[in-house]
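Below: one structure, written as C-alpha cells.
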Ligand SMILES: [Zn+2]
C-alpha cells in the first residue's frame, strides 16, 4: 500500500543524517543518503548512478525509458537538509495524526520518498513516457549538486526533458515562479587608533549608518513598486554586520553583508544601480574612510510560462491556481538550461524550523497527482 511505503521511505530518509555540511558542523554530506536511494532503484532493476560532486557530496539519478514515447519528464528532489540545532530527535520520524515530524520531512525528503514510490509503481506498470528521477546535494547552500546535474548528467539524456518537476513543498499547488537572490558585501576601511584619540584614526563603523539608511530607503522604495502578481515585492535586508576590534579602539574595519531578493521582472541593471547608490552614500559620508563592494553570490529568479504540459497537470490537480514561491529553488537552474520547470510538493510546516512536519495525506495526494500526470501521456 502506498501509504505505508511512503512512510517507510520517508522514515528511512529522515533517519540518515543529510545535514548540509556547509551549514552545520553536524553535517556529514549526502553520500549515505544518495547510496540508500541508489540501492532502491537498483533493487527495482533500474539503471541508476551515483555522482560524487565533491568529497562526500553526491547526486543520484535513474533513467527509465518510455514505453510509448521518448519524451522525458524530469523529476527532482534535493537530499540535503538544514541543521538540527535545538531539535530533540531530528532523525526519528514521529507520527502525530496526519503529521509526520522530522528534519527534512517537509523540505524536502517527502518529495524524495514520493519519487521512490513512483519508481515502485513504474517497476510493475508501464510508463508511457521516459522518466528521470534525480536527487541532488547542496540545494540549501550553493547547489553544487544541481549545477553538476545540469552540466554532467542532463546532456547525457536522449532528449531534453519537456518538463521539470521540483518536489519542494508547495502545499499541493503548482509553483510556477519563484524569486532569485544576490548577496553583497560592503567593506569600509579606516585607521585604528586609541579610543581617547579619535583624531589619530579613521572610524570605519560610523559610515555604516549611511549604508544602512540607504538600504532602508531602497527597501521602502521596492515596497511601493508594482507587485508581481504571485511573488509580491522585491525586498532586501542586512544579513551580517561585523567590525571593530575592541571597545577602546577606533574601528579600522567594518563589513556589512546584505541580501537582495529579486523578481523575474527586474532588470539586473536596476539592482546594480542600487548597489552603486549604497556605495556612494558611504563614500560621501564624513570621514576619510575607504569603501568597496563585492557581489558574493547570486541566483536567478524563475518564471515559467504555462504550456500544454503544465496545463495538463493543472487539469489533474485539485487547486488549479498557480502559486509563486518566495524561496529560491534548483528549478531556476533547470530553467536556465531550457527545461520549463515547476514546483509541486506536499503541505506541511516548519521548513528550516525545529517543528518541521509534512502532511501524510498530502504526500499521498501529490504521489497520485504525479502518477496520474505520467499515465495521462
Ligand atoms: Zn527545499
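Residues 258, 183, ranked from the fewest to the most other C-beta atoms within 10 Å, line up as 183, 258. The slack between residue 284 and residue 216, meaning 0.36 nm per residue of separation minus the straight C-alpha distance, is 22.8 nm.
Mean sequence separation of contacting Cα pairs (under 8 Å, at least six apart), scaled by the length of the range 180-299, corresponds to a relative contact order of 44 percent. By the count of other C-beta atoms within 10 Å, a proxy for reagent exposure, 367, 36, 247 are ordered fewest to most as 247, 36, 367. FRET efficiency for the residue 296 to residue 67 pair, using the beta carbon distance and R₀ = 56 Å, is estimated at 0.75.
Peptides 159-167, 71-79, ordered by how many other C-beta atoms sit within 10 Å of their residues on average, highest first, read 71-79, 159-167. From the alpha carbon centroid of the range 331-345 to that of the range 25-91 is 18 Å. Among 197, 57, sorting on how many other beta-carbon atoms sit within 10 Å of each Cβ, with the fewest leading, yields 197, 57. For the Cα trace of the range 104-190, dividing Rg by the Kirkwood Rh returns an Rg/Rh value of 1.08. If a paramagnetic tag sat 7 Å from the Cα of residue 209 along the Cα-Cβ line, which residues of the range 249-263 would have the backbone N under 16 Å from that point? Taking a point 7 Å out along Cα→Cβ of residue 209, the residues of the range 249-263 whose backbone N falls under 16 Å are 251. Stretching the chain fully between residue 240 and residue 265 yields a gain of 6.3 nm (0.36 nm per residue, less the alpha carbon separation).
In the chain, the DSSP beta bridges split such that about 75 percent are antiparallel, to the nearest 5. Using Cα-only point scatterers and the Debye equation, what is log10 of I(q)/I(0) for the chain at each q in 0.12 Å⁻¹, rounded to two decimals? Here the Debye-derived log intensity ratios amount to -0.91. Summary of packing: across the peptides 144-154, 299-309, the per-residue average of other C-beta atoms within 10 Å ranks them, highest first, as 144-154, 299-309.
Taking the convex hull of the alpha carbon positions in the range 160-295 and averaging its projected area over all directions gives 11.3 nm². Largest first, the three principal axis extents of the alpha carbons in the range 11-71 are 47, 24, 15 Å in whole numbers. Shape analysis of the range 241-377 based on the Cα gyration tensor places the equivalent ellipsoid semi-axes at 45, 21, 10 Å, largest first. Quick one: Cα centre-to-centre distance for the range 204-269 and the range 185-200, in angstrom? First find each Cα centre; the distance between them is then 22 Å. The packing ranking of peptides 58-66, 318-326, 2-10, highest mean first, is 58-66, 2-10, 318-326, where packing means the average number of other beta carbon atoms within 10 angstrom of each residue. Equivalent ellipsoid of the range 1-145: semi-axes from √(5λ) of the C-alpha gyration tensor, largest first, are 26, 19, 11 Å. Highest mobility in the GNM of the chain, judged by mean-square fluctuation with C-alpha springs under 10 Å and restricted to 285, 54, 351, is found for 285. For a paramagnetic label modelled on residue 54 (point 7 Å from Cα along Cα→Cβ), amide N atoms under 12 Å away belong, within the range 6-37, to 20-24, 29-30.
Rule-based calculations on the coordinates, nothing more; no lab input. From a predicted model like this one, the values you see are computed outputs, not experimental measurements. Here Cβ is always computed from backbone atoms with ideal geometry, including for glycine, and neighbour counts include all displayed protein chains.
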